[in-house]
1. Among the residues of segment 52-68, is there at least one that is outside any loop (DSSP other than H, G, I, E, B) and at pLDDT below 85?
2. Among residues belonging to segment 30-39 that are exposed (fewer than 14 other Cβ atoms within 10 Å of the Cβ) and assigned to a helix (DSSP H, G or I), point out the one that is modelled with the highest pLDDT.
3. From the list R61, R78, which residue is in contact (Cβ under 8 Å) with a residue 24 or more places away in the chain and surrounded by fewer than 14 Cβ atoms within 10 Å (Cβ to Cβ)?
4. Looking only at segment 55-109, count every residue that is farther than 30 Å from S6 by Cα and hydroxyl-bearing (S, T, Y) and tell me the total.
5. Go through (1) over 12 Å from the mean Cα position of the chain (by Cα); (2) part of a helix (DSSP H, G or I); (3) modelled with pLDDT under 80 one by one and return the number of the condition T47 breaks.
6. Among the listed residues V121, V110, V100, which satisfies the condition of being surrounded by 12 or more Cβ atoms within 10 Å (Cβ to Cβ) and modelled with pLDDT under 75?
7. Which of the residues that make up segment 1-19 are over 19 Å from R91 (Cβ atoms) and either at pLDDT 90 or above or not in a loop (DSSP other than H, G, I, E, B) (or both)?
Amino acid sequence: MKITYSTTTKLRLLSQFQNVNESLKVFADYHNVGAGSLKRWIQQYLTGGLANLERPVHNRRYPKKLKLRAVHDYRNHRLPTKEILLKYDIRGLSQLRNWVILYNNGKEPVRKRVRKMGRKVSY
């Protein structure tokens, strides 16, 4: 079962981590939080502040032009990945990587449309 943490809990843990002299792994183990989660929260807080720690209600949609510009900056190594995320206001690195994979496979990084399957009826 996936554990979800409130914004206040995330902020409390981040402030505690800032005040202790322990490694990220030791701190995460002591507080029963995944080290990867804690690292991601730190990155989200540094890039977007408190608003970026809140769990989004809806998935964010990005325009096609923004995706292409971000992929071109990434492929041409004009900017480090952290700066690309900040410049284009992309929430996570995995999103950018998925766009790059699509672009490298000859497809444009656009949103996938999922068809709904109708209910099969026999007469």
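The values are calculated or read from the model by the stated rules, or taken from the named source; none is laboratory data. Note that the structure is a prediction, hence the values are computed from the model and not measured. Note: ideal-geometry Cβ built from the backbone for every residue, glycine included; neighbour counts use all protein chains shown.
1. yes
2. Per the criteria, the residue is Y30.
3. R61
4. So the answer is 2.
5. (1)
6. V110
7. Those that are over 19 Å from R91 (Cβ atoms) and either at pLDDT 90 or above or not in a loop (DSSP other than H, G, I, E, B) (or both): T8, T9, R12, L13, S15, Q16, F17, Q18, N19.
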